[in-house]
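The structure appears below as structure tokens.
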Amino acid sequence: MNIGTRKILDRSFTAIGFGSIIVMALALMVVVVPILTNGLGAVFFTGTVEHRKLLHEEFQRGDTQDLSSEIASSERYRAKAYAILSDFEAELERMEPEQQGKYSSKYAQVRTSLQSLLGPLPGDSPAMLTRNKYGQTRWEKAEEKLHSFLYESKWDNSNSDVMGKEYFVRRSLDFKGTSLAPLFPYVENNLENMLLPRFTVYWGFLTDSSVDSHFFGGIWPEIQGTFFLAMGAMLFAFPIGVIAAIYFTEYARPGFLNSMLRSANSTLAGVPSIVFGMFGLAFFINTLHVSESKSVLAGSLTLAIMILPTIIRAAEEAILSVPKTYREASLSLGSTKWNTILTVILPAALPGILTGGVISLGRAAGETAPIIFTAAVSVGSAIGLADIFSSPTPALSWNIYNLASEHEAAAEIRHVQYGMVLALVSIVLMLNLSAIVLRARISKKLKG
């Protein structure tokens, strides 16, 4: 190959490498940017007076005097809307039965839409669920509900060759000529005065417990549960993994048993995580009875088995990377083999061992399938250390899936879902960054 051809190939491979990096960076941005922007929206958003009422009544937060002033200001504008409703209800009672039937069902829809926007209306019975005690707590959701209040969704199926097309019709047209007609432009023009939106920084999203299945409140139980499960898994897996790695590298002799154990370790690393979850349920809960049902302990043991192959492999490679001259120098000075391992080999291999351990910790924090059957619950309060042996816990990974796919009002709480995703990604990222920093500091100390 001549020099010219070699230069062309080198430049081509360089261009392909840079292109691949750019494509990967763009793909990462496509994933990360929506998570970042929507996740931050769980903490930074435009909150309404309903949100401030919620914080005061559910979490005893906020200035009582200022809140009372805001509620009074809001009620002055809401009073006219309530008066319009009252006037129409009186008019409805005077109508002929045919007209009553025409307006009753449509009026019920109007009341329901207004309830979701402003909260309970005068004459409503006390709400049982927290979500029905308040109107819209976030301004962007209030704007969506305003559209539903003003417009009725209909479908055009006139063309049988294409799918039906959705279109919207103003509800006010159904009540033209009645006393209810002025309600729609009034609410549209005065919604800000009724809800008093203002920029809000809600750090309670990270420190509060959820209220009414994550309609309100924060994700502290999920963060705490994720921490308990991940740290519990490391407490079991890390010492066992390091000891196993020492055995494989320092004591095991080549042979059938050693090959079988290595093969088993490699096979475990490739087993789907859902299998570990089923195994944890069958072995730790149903056979060993470490707890009567789901618990943090059972989940931690299951996660420990799942990350054990990774820890063994990382520790093994770290130990093998220690120069043989270290061993020889220690043994030549009269040190025993075990003392050499403890005082020479393990300290030298510590950066690699810790890196593998922290990466495994990040994986344990992000796993869902192993804890579905052993530890996780959809809704729960934060637990204490004394409860880890008997109580299940919410966890970020499981609750993200649960809220996105099984929650009855998944579209209403997208900000909570994205907030959980951002919290989980941040935790895993911090764990990985800590591994890098820790490795660098230990390596620097070992080099003197």
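Being among the small types (G, A, S) and out of contact with any helix residue (DSSP H, G or I) (no Cβ under 9 Å at 6 or more places or on another chain) is the requirement here; does A440 meet it? Considered against the rule, which asks whether it is among the small types (G, A, S) and out of contact with any helix residue (DSSP H, G or I) (no Cβ under 9 Å at 6 or more places or on another chain), A440 comes out as no.
Contact map, segment 100-120: residues that are assigned by TED's automatic domain parsing to the domain that holds Y134 and within 28 Å of V49 (Cα to Cα) paired with residues that are aromatic (F, W, Y) and assigned to a helix (DSSP H, G or I), Cβ distance under 6 Å, separation 6+ or inter-chain. Pairs shown: S113/F149; L117/F149. Suppose the filter is touching a Pro at 6+ places or on another chain (Cβ under 9 Å), outside the structural domain of E58 (by TED's automatic domain parsing), surrounded by 23 or more Cβ atoms within 10 Å (Cβ to Cβ) and farther than 29 Å from A411 by Cα; does G225 pass it? So G225 fails the test.
For segment 391-448, residues that are part of a helix (DSSP H, G or I), closer than 26 Å to F215 by Cα and of a type in the set (G, A, S) total 8.
Residues of segment 283-321 that are under 20 Å from L235 (Cα atoms) and assigned to a loop (DSSP other than H, G, I, E, B): L288, H289, V290, S291, K294, S295.
Working carefully through the options I359, I371, I345, find the one that is over 22 Å from L229 (Cβ atoms) and hydrophobic (A, V, I, L, M, F, W, C).
Details: I359 fails: over 22 Å from L229 (Cβ atoms); I371 fails: over 22 Å from L229 (Cβ atoms).
Every option except I345 fails the conditions.
When segment 386-405 is examined, which residues are found to be in contact (Cβ under 8 Å) with a residue 60 or more places away in the chain and surrounded by fewer than 18 Cβ atoms within 10 Å (Cβ to Cβ)? Matches in segment 386-405: D387, F389, S390. Please enumerate the residues belonging to segment 84-99 that are free of Cβ contacts under 8 Å to residues at least 24 places away in the same chain and surrounded by 13 or more Cβ atoms within 10 Å (Cβ to Cβ). The answer is E89, L92, M95, Q99. For segment 240-282, the set of residues classified as in a helix (DSSP H, G or I) and among the basic types (K, R) consists of R262 only. Just one of (1) in contact with a helix residue (DSSP H, G or I) (Cβ under 7 Å, 6 or more places away or on another chain); (2) assigned to a helix (DSSP H, G or I) fails for G62. It is (2).
Pairs linking a residue in segment 302-326 that is in contact (Cβ under 8 Å) with a residue 24 or more places away in the chain and assigned by TED's automatic domain parsing to the domain that holds A369 to a residue that is surrounded by 15 or more Cβ atoms within 10 Å (Cβ to Cβ) and not in a helix (DSSP H, G or I), with Cβ atoms under 6 Å and 6 or more positions apart or on different chains, are T302/T374.
Against the definition (modelled with pLDDT of 90 or more, of a type in the set (A, V, I, L, M, F, W, C) and within 30 Å of Y82 (Cβ to Cβ)), how does L206 come out, yes or no? So L206 does not fit the description; no.
Exactly one residue out of G270, G241, G255 is surrounded by fewer than 13 Cβ atoms within 10 Å (Cβ to Cβ) and within 22 Å of A298 (Cα to Cα): that is G270. Of note, V379 does not satisfy the criterion of being in a helix (DSSP H, G or I) and β-branched (V, I, T).
For segment 46-56, the set of residues classified as in a helix (DSSP H, G or I) and in contact (Cβ under 8 Å) with a residue 12 or more places away in the chain consists of V49, E50, H51, R52, K53, L54, L55, listed by residue number.
The values are calculated or read from the model by the stated rules, or taken from the named source; none is laboratory data. Nothing here was measured: the structure is a model prediction, and the numbers come from that model. Quick reminder, even Gly has a Cβ in these numbers, built from the backbone with ideal geometry, and neighbours come from all protein chains shown.
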